[in-house]
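What follows is a single structure, written as structure tokens, with notes after it.
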Amino acid sequence: MSESNPAATPAAAPPDDLPTENPRIDPVHFGTDGWRAILGEDFNPRTVARVADAAARVFRRRHPHPDSARPSGDARASKGAPSSAAPAIEASDEAVCPNTLIVGYDCRRDAGRYSALVAAVLASYGFDVAVSDRYCPTPALCWTIAHDPRAVGGLMLTSSHNPAEYLGIKLRMADGGASPAEFTDEVEGALLDEMPAAFDEALAAFAEATNGTPASPALPLDAAPGLRFIDLMSPYLDDLAGLVDAEAIAAAALRVVVDPLFGAGRGYLAGLLGSKRMGVTVLEVNGDDDPSFNGLHPEPILPWVEVGARAVAERGFDACFVTDGDADRIGALDETGTYVTSHRILALLIAHLVEDRGQTGRVVRTQAGSNLLRRQCERLGLELTTRPIGFKWIYGEMLKGDVLIGGEESGGMGVPGHVRERDGLLMALMLTELMAQKGKGLRELTDEMLATLGTLEYARRDLRLTPAQKDALLAAHVHVRTDAPAEDDTGDGTTGSSAGSAALDGYRSLFEPLGETLVSLDRSDGIKFELASDAWLLVRPSGTEPLVRVYAEAADAAQVEALLDLGCALAQG
């Protein structure tokens, strides 16, 4: 059963995005997690083919294979781009020379068509390319890559939580993890103005392909007979079901609302929870096939979760779980329809993993992570590591080992024992397990935790600044962050480049009218002000959108709003 938001305004039909007679060369920049652009504008077949071509050459250079060859007719000497020709090597065993790239896509308009275009370009470099035969969450692609010894990486056609007019590409490594900055920088540097030699074949595959669904999986393409279409979802979902205590969940007779926000979690999470194995009574809302998302932003935060909130409150369900556009993020509402912040979800799961599952390890948060996490880690005797915003930094810590769980303020959370990536479906299953084992709802579990740790409120505002305002903010307050921030958490929630007393003096007077005392300043990722009361304020330009984001946390909501007002004023000059 599915419900949607009747009050939302459907997105207008986007313009045709096929190539023109005199196409422009669009710029491409990879942000904190991939490249994103507007469909029919910068995101068009020519630019996507160029990105796929550059990614193929970087993957090929890092993973040479005896069967690889330069695409016919390909002249690639301009801009000093590296040659795509693989050096001669003798090994031919795929176990020695993995050669598979896997491509997935979400529920956005033409995402399946673009996956075929991308795959055709990748295949022209001698890769064995497998394409998902239906829309899939990003973590499903990542899990498949990590469990396929032949895979060297993958590409996901998604724009995550962005509005419906966006589409994008995420790059993933051989372990399924997010591509580090040096990899995406290398791909950007490999971009060429010319179309790849396989562009005509790729365009033919684009024209023929469709978005596959569970009810109607994609079929092999006559225009691209070398591509394999595979079922990523069945093995991944089977694995997820085995990661939680299904017996306890079934015995609890829970009733939950699932809201995929029209995204790639559509049908999958509801199907898992409602299966005979788990026996949860499930109502799925916003689960229709609607690439316009009915005007909603597929981000599991207020106000986009109101449909699920109403369903829980009005129908007496136990909780609502919300996933974003590619289902790697989690949002939750308790039995009253009240939104549970990602910080509180993560703090609950930390305790669940340690106290109920007997696990241990480091907790990794990002610069906008709550001090509630620090309190929880101190209570449980866990080490806390803080990194810049972007899950790729958490991934980097996972590579070092000894990580229990990592999470970011946007709802992206992951446990490396599953895959080194966020997974909104797994987090929802773990919350269900927690509720079932404790016999308590999210409201009671959250209240008990806050009674122990103390209450902290959190909020975020997004500002659209003019280029001049943004430049002024960067020049006056924000040092450009490098890709080598401080290695260790300082113990006070900051990372790297903490300012000295002279720099603090220039900002102390801003906080005095609010009754706050500034104790530290951090410019490692935006500008963050740590206050003596355990409150903080962060002003940070977005890495993927033309926005400046202002974050704040304090003991009460009124103080959070006052801090946000101050941060917005600072950002706007």
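The values are calculated or read from the model by the stated rules, or taken from the named source; none is laboratory data. Just so it is clear, the model here is predicted, and its values are computed rather than measured. So basically every Cβ, Gly included, is an ideal-geometry build from the backbone, and we count neighbours across all protein chains shown.
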- Subset of region 369-397 (residues that are under 21 Å from Leu431 (Cβ atoms) and crowded, with 17+ Cβ neighbours inside 10 Å): Gly369, Ser370, Leu372, Leu373, Arg375, Gln376, Cys377, Leu382, Phe391, Ile394
- Message: Regarding region 220-233, can at least one residue be identified that is at pLDDT below 95 and in contact with a Phe, Trp or Tyr (Cβ under 7 Å, 6 or more places away or on another chain)?
- Response: yes
- Answer with yes or no whether Ala215 is among the hydrophobic types (A, V, I, L, M, F, W, C), farther than 15 Å from Phe30 by Cβ and free of Cβ contacts under 8 Å to residues at least 12 places away in the same chain. yes
- Within region 398-414, residues being polar (S, T, N, Q) and either over 18 Å from Glu553 (Cα atoms) or surrounded by fewer than 22 Cβ atoms within 10 Å (Cβ to Cβ) (or both) number 0
- Query: Within region 123-133, can you find the residues that are surrounded by fewer than 24 Cβ atoms within 10 Å (Cβ to Cβ) and under 21 Å from Asp324 (Cα atoms)?
  - Reply: Asp133
- Query: Hey, does region 265-272 have a residue that's surrounded by fewer than 19 Cβ atoms within 10 Å (Cβ to Cβ) and within 21 Å of Ser234 (Cα to Cα)?
  - Reply: yes
- Query: Hey, any hits in region 56-78 for a residue that's among the basic types (Lys, Arg), buried (at least 23 other Cβ atoms within 10 Å of the Cβ) and either at pLDDT 50 or above or out of contact with any Gly (no Cβ under 7 Å at 6 or more places or on another chain) (or both)?
  - Reply: yes
- Item | Ala202 in contact with a Ser or Thr (Cβ under 6 Å, 6 or more places away or on another chain), touching a residue at least 60 places away in the same chain (Cβ under 8 Å) and not assigned by TED's automatic domain parsing to the domain that holds Glu433 | no
- Query: Is there a residue in region 530-537 that is at pLDDT below 95, assigned to a strand (DSSP E or B), out of contact with any Pro (no Cβ under 8 Å at 6 or more places or on another chain) and outside the structural domain of Arg374 (by TED's automatic domain parsing)?
  - Reply: no
- Message: So Phe183 ticks every box in (1) over 20 Å from Leu101 (Cβ atoms); (2) not assigned by TED's automatic domain parsing to the domain that holds Val312 but one. Which box is left unticked?
- Response: (1)
- Task: Provide a single number: the residues in region 335-347 that are buried (at least 22 other Cβ atoms within 10 Å of the Cβ) and over 13 Å from Glu409 (Cβ atoms).
- Result: 0
- Got at least one residue in region 225-245 being among the small types (Gly, Ala, Ser) and within 22 Å of Arg113 (Cβ to Cβ)? yes
- Query: Looking at (1) among the charged types (D, E, K, R); (2) closer than 30 Å to Met435 by Cα; (3) out of contact with any His (no Cβ under 9 Å at 6 or more places or on another chain), which is the only condition Asp239 fails?
  - Reply: (3)
- Can you work out which of the residues in region 384-415 that are in a loop (DSSP other than H, G, I, E, B) and under 15 Å from the mean Cα position of the chain (by Cα) is nearest to Leu141 (Cα to Cα)? Val415
- Okay, strands (runs of 3 or more DSSP E) sitting entirely in region 189-299 with 1 or more residues that are within 23 Å of Gly104 (Cβ to Cβ) and touching a helix residue (DSSP H, G or I) at 6+ places or on another chain (Cβ under 6 Å), I get 255-259, 281-284
- Qualifying position, being surrounded by fewer than 21 Cβ atoms within 10 Å (Cβ to Cβ) and in contact with a Ser or Thr (Cβ under 8 Å, 6 or more places away or on another chain), among Pro260, Pro225, Pro235, Pro214: Pro235
- Report the residue count in region 490-529 for those that are more than 23 Å from Arg461 (Cα to Cα) and at pLDDT 90 or above. 1
- Note on the structure: Over region 20-46, the set of residues at pLDDT below 85 and surrounded by fewer than 14 Cβ atoms within 10 Å (Cβ to Cβ) is Thr20, Glu21, Asn22, Pro23, Arg24, Ile25
